[in-house]
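What follows is a single structure, written as structure tokens, with notes after it.
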Amino acid sequence: MKSVALATLLAALLASGAASAQPQQSTGTTAPRPWMNAKLSPEVRTKLLLAAMTQEEKLSILSGWFGSDLPGYKVDPLARYASAGFVPGVPRLGIPPQWQTDAGAGVATQNAFRDKPLERTTLPSGLAIASTWNPALAEQGGAMIGAEARASGLNVMLAGGVDLVREPRNGRNFEYAGEDPLLAGTIAGAGARGVESAHIIGQVKHYAMNDQETGRNIVNAVIDRSAARMSDLLGFEIALEKSHAGSVMCAYNKVDGDFSCENDWLLNTVLKRDWHFPGYVMSDWGATHSTVKAANAGEDQETGYKRAEDFYFGPKLAAAIAAGDVPQARLDDMAGRVLRTMFAKGVIDFPVGLAPIDFAAHAEVARKVAGEGIVLLKNRGDVLPLSAHARRIAVIGGHADAGVLSGGGSAQVYPRGGNAVPGVEPTSWPGPVVYLPSSPLKALRRNLPGATVGFDGGQDPAAAASLAAASDVAIVFVTQWAAESRDVSISLPDGQDALIEAVARANPNTIVVLETGGPVLMPWLDRVAAAVEAWYPGTDGGDVIADVLSGRINPSGRMPVSIPRSVDQLPRPKLDGEGVQEHTPFDVVYSEGAAVGYRWYAAHKLEPTLPFGHGLSYTSFAYSNLRAVLAGQALQVSFTVRNTGKRAGADVPQVYVGPADGHWEAPRRLGAFDKITLAPGVARTVTVTVDPRLLSMFDESKGAWSQRAGAYTVWLGRSARDLPMSTSLRLPERTLPAGADFTSAR
Ligand code: GLC
């Protein structure tokens, strides 16, 4: 914090009478610091440290400053270059600053520094990571970006986006982990756990119901509380269970009338009371709306402010405490949560500092994630992998000659080697549009030296079609740029559907490669031979796409979202808030409740273009020996998977569950899954346990999960709609309190 700002803050505190007459001046001697004893528990260390702190020191660690210069505001020179935010430390007591960085794809550069960005490794997008259905790999990805954050001098990483894809047009779907709470929570939780392995503070965000960007600062999400607990909130709960992430970011939007960052039910009741969350709640940047209400409702730290007078905490919080509107104990709890987290995560014992980064090793991690996150959607006549017969290959569109697309906004990571396609609008916030310099075209030419690989930019469908007509195979790359602060069309932009149709008419062996932020309509799917969803594939993503197309990698991705046939299949065909005047409050009524995505389609007997969980392989797998038994109180499902094809590959067997009497919001829910790699001809028996919450309904009035006694069906399949095997069994009545420790409760 600039010394003038600190002086302003301090003067205001003193004036409010909240500060002690004189902050304890260091006596010049090295006063003992018992809290630095790492043998003590985080709780004991926090207690010792709090006792040594002055009121203004406690307040100072609860206000975070914006990371970029703005009119009338200069970033404190202590803040890290190009970072998201900065909370001053207390040198007198050995409390380091909190250096905050975005986000889920890696160490981001804030928009104000876009012309001179940090160059860091980019993970594939959140949806690509979720498409791996591989928590161990998601954790490796998180560990890699956590290491880059640490080596960049950053100790709080604002990753872990886990809002459900309720709205396929949400501009930030690329930062999230899909439409199902079990998959999203498992994957985002694994990622956050990986981040924290670097001894920095991880996070899950945006809590909660931040499921669209249109009107994000003002929209009021209306949802039945029990339904929220069984959908969006369950995703957060599982993510926190899997990660024990130290921080939660409360969202911009309202939930049932109260802003998320001053929502007593979300913060105090659900997160801190029911889920026993020991960490701290930070606001999204500028998402704090009050002093007393926010502090008493459970917000612990306000972030992203530019001027001292803008803060709701700081002097205004000091005055509220002095007036008795906020208990002193609450201030000690707020500061204590931050400090406990800093101790628990190693931020104090392992101070961050600038260090070299092994970019080659980190690129390998990004490639591994992309290699398992790319989804083979269709492969008619095994046109893929590209075979020796494909002598003449046409590559069309998507800037495939230059690079691969990435998502925009605060999560934007800038690649080593610079933007491969500079100047694509918008070049300012939430742009610029950044292509990572990894060309699928160049990689295909390397992988297929015996083939002639031509390129057409795709601007003119007729020209593209004539190249396709003269080729054995035509590969059309299509892109959809998505970014924070705005939603997107559900259809591919810039006439790309027409481009695909024109090329498919010219060559039956047309393959479509999608680089999209989220699910897009695919009206041409019946008329192409193959399709691959590569999402935003991250560093070296172009190489990985080529490795999948040429068969060096056997794709194993599975869709974390459904692909609707049209917007008419959605709970809300029209995006709420479209055309609403800026700052005009409006509601989004999530009347579908917990029936999100595939659950909605099944409940309404709608057939999407492609289902949740779908994905093909260059080999094949067969299932057998499905059994479902009660092991104690837990539902245990076992089955055998055999690789019946000619090459090694990984499969994602999925277990869905549902009550025979249909009393849930949908006929079935994903209950468990696994990812297994098998050599040709090899079989393996898998046993999974179904989380009891996924067999229950939550009743907000009772604050508990209740599993109704009766007959339940257990399906085994390859997607939410491809369920070749099933069995059934009776389950007993069972009640579990909200936030029970489900690991032991199994
Ligand atoms: C942004 C985003 C949030 C990000 C923060 C800091 O507005 O909503 O995801 O972490 O501000 O950049």
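The values are calculated or read from the model by the stated rules, or taken from the named source; none is laboratory data. Just so you know, these numbers come straight off a predicted model, no measurement behind them. Cβ: placed from backbone, ideal geometry, glycine included. Neighbour counts: every protein chain shown. Calculation scope for accessible area: heavy atoms of the full protein, side chains included, ligands and nucleic acids excluded. Shrake-Rupley method; radii C 1.70, N 1.55, O 1.52, S 1.80 Å.
Provide the percentage of antiparallel DSSP beta bridges, counting only those with both residues in the chain; round to the nearest 5.
Counting only bridges with both partners in the chain, antiparallel ones make up about 60 percent.
Which FRET efficiency, nearest 0.05, do HIS583 and ASP494 yield, Cβ-Cβ r, R0 35 Å?
Here the calculated transfer efficiency is 0.70.
Name all residues of the range 41-57 having a backbone nitrogen under 13 Å from the label point set 7 Å from the Cα of LEU78 along its Cα→Cβ direction, giving them as ranges.
In the range 41-57, the label zone of LEU78 (backbone N under 13 Å from the point 7 Å along Cα→Cβ) covers 57.
Go through THR101, THR677 and list them by solvent-accessible area, largest first, probe radius 1.4 Å.
Descending accessible area places them as THR677, THR101.
Quick one: in the chain, what % of C-alpha pairs are over 46 Å apart?
Of all Cα-Cα pairs in the chain, 20 percent lie more than 46 Å apart.
Tilt of helix 328-345 relative to the longest C-alpha principal axis of the chain, in degrees (0 to 90, nearest 10)?
50 degrees
At 1.4 Å probe size, with no ligands or nucleic acids counted, give the accessible surface of GLU665 in Å², nearest ten.
40 Å²
Any idea what angle helix 496-506 forms with the longest principal axis of the chain, computed on alpha-carbon atoms, 0 to 90 degrees, nearest 10?
Around 20 degrees separate the two axes.
Below 18 Å, Cα to Cα, which aspartates and glutamates can LYS675 reach? Residues fewer than 8 away in the same chain don't count.
Candidates past the 8-residue exclusion: GLU139, ASP180, GLU372, ASP651, ASP691, ASP722.
Between SER466 and THR427, how high is the FRET efficiency from 1/(1 + (r/R0)^6) when r is the Cβ-Cβ distance and R₀ = 30 Å? Nearest 0.05.
That pair, SER466 with THR427, gives E of 0.40.
What is the percent carbon and sulfur in the accessible area of the chain, measuring with a 1.4 Å probe over the protein chains and ignoring ligands?
54 percent
Which residues does a label at ALA660 reach in the range 713-728, if reach means a backbone N under 14 Å from a point 7 Å past the Cα toward the Cβ?
Zone members listed by number: 713-714, 727-728.
Can you give me the distance in nm between label points at GLN633 and ARG708, each placed 7 Å from the Cα along the Cα-to-Cβ direction?
Each label point is offset 7 Å from its Cα along the Cβ direction, giving 2.0 nm.
Using the Cα centre of the range 374-550 as the reference point, and only Cβ charges (+1 on K/R, -1 on D/E), how large is the resulting charge dipole? Debye, rounded to the nearest 20.
440 debye
Which value, in Å², gives the accessible area per residue of the chain when a 1.4 Å probe is used on the protein heavy atoms?
34 Å²
For the chain, what relative contact order do you get, as a whole percent, if you take Cα pairs closer than 8 Å and at least 6 residues apart?
In percent, rounded to a whole number, it is 14.
Straight-line reach from LYS116: which lysines fall under 18 Å, measuring Cα to Cα and dropping same-chain residues less than 8 apart?
Within the straight-line cut-off, LYS116 pairs with LYS74.
Take ARG216, ARG172 and sort them by solvent-accessible surface of the protein heavy atoms, 1.4 Å probe, largest at the top.
Sorted descending by solvent-accessible area, the residues read ARG216, ARG172.
Give me the one-decimal nm value for the distance between modelled label points at GLU119 and ALA136, 7 Å along each residue's Cα-to-Cβ direction.
Rounded to a tenth, the inter-label distance reads 3.4 nm.
Mind grabbing the accessible area of VAL561 for me, 1.4 Å probe, Å², rounded to tens?
Only protein atoms counted, so the area is about 0 Å².
Working from Cα positions, state the angle (0 to 90°, nearest 10) between the long axis of helix 42-52 and the longest principal axis of the chain.
That helix lies at roughly 30 degrees to the long axis.
LEU606 versus SER728, label points 7 Å from Cα toward the beta carbon: distance in nm?
About 2.8 nm separates the two model spin labels.
If you place +1 on the Cβ of every Lys and Arg, -1 on the Cβ of every Asp and Glu, and leave all else neutral, what size is the dipole of the range 101-249 about its Cα centre, to the nearest 20 Debye?
Roughly 240 debye for the range 101-249.
Round to the nearest 10 and report in Å² the accessible area of LEU492, as given by a 1.4 Å probe over the protein chains' heavy atoms.
Around 10 Å² of this residue is reachable by solvent.
To the nearest 500 deg cm²/dmol, what mean residue ellipticity at 222 nm is calculated for the chain from DSSP H runs of n ≥ 4 alone, each contributing -39,500 (n - 2.57), summed and divided by the residues?
Computed ellipticity for the chain at 222 nm equals -7000 deg cm²/dmol.
Would you list HIS614, HIS206, HIS199, HIS276 from the most to the least accessible area, probe 1.4 Å?
Of HIS614, HIS206, HIS199, HIS276, the descending order of accessible area is HIS276, HIS199, HIS614, HIS206.
Which entries of LYS272/LYS702; LYS254/LYS306; LYS254/LYS316; LYS368/LYS605; LYS272/LYS316; LYS58/LYS345 show an alpha-carbon separation above 28 angstrom in the structure shown?
LYS368/LYS605
Between ASP568 and MET36, what FRET efficiency follows from the Cβ-Cβ distance if R0 is 41 Å, with the result rounded to 0.05?
0.10
For a distance above 19 Å, tell me the whole-number percent of Cα pairs in the range 528-605 that qualify.
59 percent
Sequence gap at least 6, Cα distance under 8 Å: using those rules, report the relative contact order of the range 611-722 to the nearest whole percent.
Result for the range 611-722 is 32 percent.
Identify, among ALA594, VAL657, GLN328, the residue whose Cα sits farthest towards the positive end of the charge dipole of the chain, taking +1 on the Cβ of Lys and Arg and -1 on the Cβ of Asp and Glu, with the dipole about the Cα centre.
Result: VAL657, furthest along the dipole toward the positive end.
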